[in-house]
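Read-outs: derived from the displayed coordinates by stated rules, not from any lab. What you are looking at is a predicted structure, and each value in this text was computed from that prediction instead of being measured. Positions of Cβ are backbone-derived with ideal geometry, glycine not excepted, and every protein chain shown enters the neighbour counts.
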Amino acid sequence: MTNPGIDAISFYVPQLYVSIEDLAIARDIAYEKLNKGLGLNKMAILDIDEDASTLAANAILKLISDFDVNPNDIGRIYMGTESAVDGSKPTATYAVEIVENALAKQYGSRSFKNCDVVDMTFACVGALDAMHNSIDWVRSGENRQAIVVASDVSKYELNSTGEYTQGAGAVAVLIKNNPSILEIDSSWGIGFKSEGDFFKPRRHYSKLELVKSIVGDLNSTLTDDELLKLAQNTDNSFWSDSNKVVEVFKEEPVFDGQFSNQCYSDRVTEALQHFKSQQAIDFEKDWNHLIFHLPYAYHGRRIIFNNWLSWIKENGSILQLEEEIGPTDFNNKDWSKKAYKSKMYTDFVSRKIAPGELASSQIGNMYTASIFMAFLSLLSNAFNSNTELNNHKIGFIGYGSGSKSKVFQGTIQSSWKTKLQSVNLFETLEQRQKISIDTYEAIHNSLQKEAVSNSKTARLSHIENEATNIGLRRYTL
């Protein structure tokens with residue numbers, strides 16, 4: 001009996017993108033630093049009528065249509081996201097409603113009425129949690145099928161150090177027994193420690209201080225109580241609410257880039273050790289390819305370098321490195337720089353990591369979807385170049401801030417090419433619409449009033465403002 005795994009895969013990326021070269025010029029940053037140093041070329045940008053729900057819905061619809069998936073056969077749709085559109089109602093419910101409406105003519109209304117639908121959130125590793133859970137569920141029964149969708153929007157403050165890594169998109173995978181693309185082993189390595197390397201807090205602002213900041217230049221003689229009463233007596237619900245603080249949620253995170261890199265490295269090392277405690281493995285030799293969560297395209301090759309040194313020391317291959325750059329000196333920074341730039345390591349990266357980076361260079365950070373997109377990048381590159389992957393062992397290395405890493409492995413199946421014929425990843429990325437920095441900033445700051453793209457995909461129609469439905473999102477196709 002085989003293990004469950006990925007039987008089909010689809011994606012959706014926004015139609016708009018910003019050129020990293022244009023952004024580098026606008027921000028007075030050397031383009032080579034971003035392109036050659038981080039592997040960045042383009043970043044996907046949401047239009048004003050797109051969100052995590054529409055991204056997910058479009059990816060699921062493509063999965064269903066391209067691979068003739070019957071929604072009545074799907075027992076669960078689990079969504080990984082850190083870009084939730086609601087604090088209570090799962091973003092997956094919005095996405096599935098869109099999909100049900102689109103499928104109504106073919107399958108009748110509510111084609112997923114017996115399907116378990118839920119969001120799973122743990123920063124960028126949440127979709128792996130969703131897949132891990134769904135694989136266990138598929139394994140424990142007969143003829144079970146699940147859809148896992150990863151959907152996210154990576155947004156940072158303008159002019160911040162994270163701005164040029166932004167991106168957006170969704171990837172949907174069909175999980176079932178006897179999969180056509182990837183059989184996933186039952187061993188999973190975990191590394192967890194609660195950290196504050198990256199998070200999206202609820203920010204609180206004193207209403208009184210806000211009022212004072214507005215009237216301060218008017219030399220008002222009103223007391224604090226009079227100022228609050230003045231604000232609460234307005235017809236505007238923002239001010240008339242009786243709460244003395246304003247609670248704000250922003251997509252832009254609070255983060256410490258260097259600390260987050262260290263957390264990523266530490267958790268991955270712990271997860272690799274945990275994985276190895278479950279089965280004997282030589283990571284450097286046994287894994288044909290390594291697939292990472294990619295905050296930016298070249299992040300994986302940087303994060304794994306120290307682990308790679310440990311691997312080749314353990315299996316004796318470090319003698320080959322010493323022949324190239326001299327005696328081992330792990331505590332010498334100059335030696336480490338030589339090792340990173342060595343032909344031995346660059347060959348390792350070229351063979352086992354680089355194919356998974358290609359899509360990230362054209363999209364940017366997709367948070368939960370980035371590791372799935374890296375896998376699709378590997379598959380699509382191999383398909384287009386007629387490279388055979390049959391029986392290749394893939395090592396997956398995921399990370400979510402907060403912080404947790406998950407490591408697992410899978411084996412490419414002989415029929416993988418049959419499920420790549422309609423994907424057209426790189427062709428689709430080339431057909432997107434480039435936007436100017438001015439348009440990008442207008443979208444970012446919610447100043448853009450009309451959608452830029454005329455795409456016929458799932459879109460946000462409006463947000464309800466009636467008392468019993470205020471804030472409820474409505475979508476259209």
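Brief remarks follow.
- Prolate/oblate/rounded call for region 225-290, Cα gyration tensor, a/c under 1.5 rounded: prolate
- Calculated over region 1-51, the projected area of the Cα convex hull averaged across directions stands at 6.3 nm².
- Against the chain, whose longest principal axis comes from its Cα atoms, helix 126-139 is set at around 60 degrees.
- Shown for Met43, Met366: other C-beta atoms within 10 Å of each C-beta, ranked fewest to most, produce the order Met43, Met366.
- Crossing angle, helix 257-276 versus the chain [Cα axis fit, 0-90 degrees, rounded to tens]: 40
- In this structure, the amide hydrogen of Phe292, modeled 1.01 Å from its nitrogen in the peptide plane, lies closer than 5 angstrom to those of Ile397, counting only residues at least 5 positions away or on a different chain.
- Averaging 1/r across all pairs of distinct Cα atoms in region 176-315 and inverting the result yields a Kirkwood radius of 20.4 Å.
- Charge dipole (region 202-249, unit charges on Cβ, about Cα centre) - positive-most of Leu230, Val245, Ser220: Val245
- Net charge dipole size for region 126-200 [Lys, Arg +1 and Asp, Glu -1 on Cβ; Debye, nearest 20]: 200
- Cα pair distances in the chain, grouped into 10 Å bins until the bin that holds the longest one, percent each: 4, 19, 29, 25, 14, 6, 3, 1
- Charge sum, other residues only, whose C-beta stays under 14 Å from Ala146's C-beta, Lys/Arg counted +1 and Asp/Glu -1: -2
- The lysines within cross-link reach of Lys250, meaning a Cα-to-Cα straight distance under 19 Å and a gap of 8 or more places when in the same chain, are Lys89, Lys155, Lys200, Lys207.
- Per-residue ³J(HN,Hα) for region 403-414, Karplus 6.51 cos²θ - 1.76 cosθ + 1.60, θ = phi - 60°, Hz, x for Gly and Pro: 8, 7, 10, 10, 10, 8, 9, x, 10, 5, 8, 5
- Global geometry of region 173-251, whether rounded, prolate or oblate, following the gyration tensor of its Cα atoms and the 1.5 cut on a/c: prolate
- Residues in region 210-252 that a label on Glu157 would reach, taking backbone N under 18 Å of a point 7 Å out along Cα→Cβ: 248-252
- Debye, to nearest 20: dipole size of the chain, +1 on Lys, Arg Cβ, -1 on Asp, Glu Cβ: 820
- Net length gained if the chain between Asn454 and Ser342 were fully extended (0.36 nm per residue, minus Cα distance): 35.5 nm
- Solvent-free Debye scattering, log10 I(q)/I(0), computed from the Cα coordinates of region 310-349 at q = 0.15, 0.17, 0.20 Å⁻¹: -0.29, -0.38, -0.53
- Cα-based shape type of region 392-448, given that a ≥ b ≥ c are square roots of the gyration tensor eigenvalues and the cut on a/c is 1.5: oblate
- Here Cys263, Cys115, Cys124 are placed in order of increasing Cβ neighbour count within 10 Å, fewest first, which gives Cys115, Cys263, Cys124.
- For region 100-111, 3J(HN,Hα) per residue [Karplus equation, 6.51 cos²θ - 1.76 cosθ + 1.60, θ = phi - 60°, Hz, x = Gly/Pro]: 4, 5, 5, 9, 4, 5, 8, 10, x, 6, 6, 5
- In region 160-207, trypsin sites (Lys or Arg not before Pro) in a DSSP loop with at most 14 other beta-carbon atoms within 10 Å: Lys193
- Unsatisfied cross-links (Cα-Cα over 23 Å) in the set Lys193/Lys341; Lys62/Lys419; Lys276/Lys337: Lys193/Lys341; Lys276/Lys337
- Computed from the Cβ-Cβ distance with R0 of 51 Å, the FRET efficiency linking Lys89 to Phe330 stands at 0.50.
- With neighbour counts taken as other beta-carbon atoms within 10 Å, the residues Arg144, Arg27 rank, fewest first, as Arg27, Arg144.
- Converting the Cα gyration tensor eigenvalues of region 320-377 into ellipsoid dimensions via √(5λ) gives semi-axes, longest first, of 31, 12, 8 Å.
- Considered as an equivalent ellipsoid built on the Cα gyration tensor, region 243-335 has semi-axes of 36, 17, 12 Å, the largest given first.
- Note that region 362-376 has calculated 3J(HN,Hα) couplings of 9, 10, x, 6, 10, 6, 4, 7, 5, 6, 5, 5, 4, 5, 5 Hz, one per residue in order, obtained from phi through the Karplus relation 6.51 cos²θ - 1.76 cosθ + 1.60 (θ = phi - 60°); glycine and proline are x.
- Average projection, convex hull of the Cα set of region 115-204: 8.8 square nanometres.
- Within-15-Å neighbourhood charge of Gln421 [Cβ basis; K, R +1; D, E -1]: -1
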